[in-house]
1. Can you run phi through the Karplus equation (6.51, -1.76, 1.60; θ = phi - 60°) for the stretch 110-119 and list ³J(HN,Hα) in whole Hz, with x for Gly and Pro?
2. Residues with amide H under 5 Å of residue 36's amide H, sequence separation 5 or more or different chain, H placed in the peptide plane at 1.01 Å from N; which?
3. Tell me the net charge near residue 119. Cut-off is 14 Å between Cβ atoms, residue 119 excluded, with +1 for each Lys or Arg and -1 for each Asp or Glu.
4. Going by amide H atoms built from the backbone, whose H comes under 5 Å of the H on residue 110, apart from near neighbours?
5. Once every DSSP H run of n ≥ 4 in the chain is given -39500 (n - 2.57) and the sum is divided by its residues, what mean residue ellipticity at 222 nm do you get, rounded to the nearest 500 deg cm²/dmol?
6. Could you give the longest part of the chain that holds none of the trypsin sites (Lys or Arg not before Pro) found in DSSP loops with at most 14 neighbouring Cβ atoms within 10 Å?
7. What does the charge count around residue 18 come to, taking other residues whose C-beta lies under 9 Å from its C-beta (Lys +1, Arg +1, Asp -1, Glu -1)?
8. If each residue of separation counts as 0.36 nm, what is the full-extension length gain between residue 33 and residue 19 once their alpha-carbon separation is subtracted?
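What follows is calculated from the coordinates using simple rules that are stated; it is not laboratory data. Since this is a predicted model, take the numbers as computed values, not measurements. Note: ideal-geometry Cβ built from the backbone for every residue, glycine included; neighbour counts use all protein chains shown.
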Amino acid sequence: MSNVENSASDPVTDSIFGKIARKEIPVDAVYEDDFVIAFRDMSPQAPVHILVIPKKPVENALALTDADREMAGAVLVAAAEVARRLGIAESGIRIVLNAGADGGQTVPYLHAHILGGRHLGWPPG
Ligand code: AMP
């Protein structure tokens, strides 16, 4: 019997962050709780550049629903905690959620960028 139904791929869960969220790919976490994992971006755009991903797979901020209020709040709370732990809370941070093509999203799994450790220009490119 075909097993096609069970092997259907999903770009969100199959993404690199989906695998990190399921612990299939190990990361050096700088923070973790019941809702999120935070780890260093492999191509840092600032002296401190951390990604916070939810353990629940969601494509991006545009895919959030009422059911995600607690998780989405946990992403922001984690961002603040990461900033404190890494010593950039006093100087300031930027939290970025790229969503979709025009937003510059390249990994189809919700992730908040936490950038800090230098002055960040505005507007973004
Ligand atoms: P975005 O363009 O908002 O989708 O951001 C994706 C980010 O993920 C980029 O800043 C990448 O450098 C980063 N990234 C992709 N793969 C990994 C990985 N395996 N570990 C850490 N950061 C990653």
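1. 3, 8, 9, 7, 10, 10, x, x, 7, 6
2. Excluding prolines and chain starts, which carry no amide H, the hits are 55.
3. +1
4. The answer is 58, 59, 60.
5. On the way: 3 runs with 27 residues, N = 125.
Per the formula, -6000 deg cm²/dmol.
6. On the way: sites that count: 22, 23, 118.
With a cap of 14 other Cβ atoms within 10 Å, the longest stretch comes to 24-117.
7. -1
8. Stretched fully, the residue 33-residue 19 segment lengthens by 3.4 nm.
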